[in-house]
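*Asks:* Could you have a look at this structure, given as structure tokens, before my questions?
Where a number appears in this text, it was derived from the coordinates with a stated rule and is not lab data. Everything numeric in this text was worked out from a predicted model, so none of it was measured. With ideal geometry, Cβ positions are generated from the backbone for all residues, glycine too; neighbour counts draw on all protein chains shown.
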């Protein structure tokens, strides 16, 4: 069964600190992995997309890594800001346009 | 450039009633997707249009759900009759249709549906 699992479920950090979110997937065949940010009351916004051959991709303070052998990905946030408070969703595509979503990690950044 | 828009933002209806959700994709985007998140669960795929044709409707839960995209522009998702378990947030997304599976899908803000 195609599945995407994320950890932790929720995370609280202080402003300026770094954090890393984890994603494990059992999706086959694998096409690409995406990280989305979803603010409360809004739709998800794409942060990164990585294909099988890519093992890291950055978007500003966000850096995603992918290990296609172990089927794991991480999203590292550097020097967190209050505006980083959101849910971060790992999404995997299996050679179709149909996306498979994780349940997300809810991040709260406090001053 | 306007993003994906959805209407209404919220809808509260009684069990057995009909509700129609609307999605306006980004202008020029051939691909249009509907997704749903029910309480406490992950977002799940419902269906995918390429222009006015249904490319994949494998995620539609049952025949109470009807999606249309006449003319290949905006899309509607009708739920008739609504049941309690249909409550959730319905998202629409669109993508240009030029780069295959690697394309970014742009999401709308969602419609929050509550069936009482």
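*Asks:* Is the protein assembly as shown rounded, prolate or oblate when judged by the Cα gyration tensor, a ≥ b ≥ c being the square roots of its eigenvalues, rounded requiring a/c under 1.5 and prolate requiring a/b larger than b/c?
*Replies:* Cα axes put the protein assembly as shown in the prolate bin.
*Asks:* How would you rank B:69, A:106, going from fewest to most other Cβ atoms within 10 Å of each one's own Cβ?
*Replies:* Final ranking by Cβ density, sparse to dense: A:106, B:69.
*Asks:* Take every Cα pair under 8 Å in chain B that's 6+ residues apart, average their separations, divide by the length, and report that relative contact order as a whole percent.
*Replies:* Reported as a whole number, the value is 36 percent.
*Asks:* Okay, moving on. Sequence gap at least 6, Cα distance under 8 Å: using those rules, report the relative contact order of chain A to the nearest whole percent.
*Replies:* The value is 38 percent.
*Asks:* With a 10 Å radius around each residue's Cβ, average the other Cβ atoms per peptide and rank B:83-91, A:94-102, highest first.
*Replies:* Ranked from most to least packed, the peptides come out as A:94-102, B:83-91.
*Asks:* In a GNM of chain B with a 10 Å cut-off on Cα contacts, which of B:41, B:51, B:78 has the highest mean-square fluctuation?
*Replies:* Comparing B:41, B:51, B:78 in the GNM, the peak value goes to B:41.
*Asks:* OK, next. Can you give the alpha-carbon Rg of the stretch A:9-74 over 2.2 N^0.38 Å, where N counts its residues?
*Replies:* Compared with the compact-globule rule of thumb, the stretch A:9-74 sits at 1.19.
*Asks:* Next question. Applying 1/(1 + (r/R0)^6) with R0 = 30 Å to the Cβ-Cβ distance of residue B:20 and residue A:94, what FRET efficiency is obtained, to the nearest 0.05?
*Replies:* Rounded to the nearest 0.05, the efficiency is 0.45.
*Asks:* At 37 °C and 0.692 mPa s, grab the translational diffusion coefficient of the stretch B:32-116 from Stokes-Einstein with a Kirkwood Rh over Cα pairs, rounded to a whole number in µm² per second.
*Replies:* Translational diffusion coefficient: 245 µm²/s.
*Asks:* As a test of understanding, state the convex hull volume per residue of chain A from its alpha carbons, in Å³.
*Replies:* It is 91 Å³ per residue.
*Asks:* On to the next question. Under 17 Å from a point placed 7 Å out from the Cα of residue A:51 along the Cα-to-Cβ direction: which residues of the stretch A:75-111 have their backbone N that close?
*Replies:* Those under the cut-off are A:92-98.
*Asks:* Same structure again: Roughly what % antiparallel, to the nearest 5, for the DSSP beta bridges in the stretch A:1-108?
*Replies:* 95
*Asks:* Got the relative contact order for the stretch B:28-70 handy, in percent, Cα pairs under 8 Å and 6 or more residues apart?
*Replies:* Reported as a whole number, the value is 30 percent.
*Asks:* Let me know the mean shielding of B:31-43 by other chains, meaning the per-residue number of their Cβ atoms within 10 Å of its Cβ.
*Replies:* Across B:31-43, the average partner-chain Cβ count within 10 Å equals 3.
*Asks:* Ok, one more. Listing A:27, B:79 from the residue with the fewest other Cβ atoms within 10 Å to the one with the most, what is the order?
*Replies:* A:27, B:79
*Asks:* Can you sort B:10, B:29, B:48, A:76 from fewest to most other Cβ atoms within 10 Å of each residue's own Cβ?
*Replies:* Listed from fewest to most nearby Cβ atoms, that is B:10, A:76, B:29, B:48.
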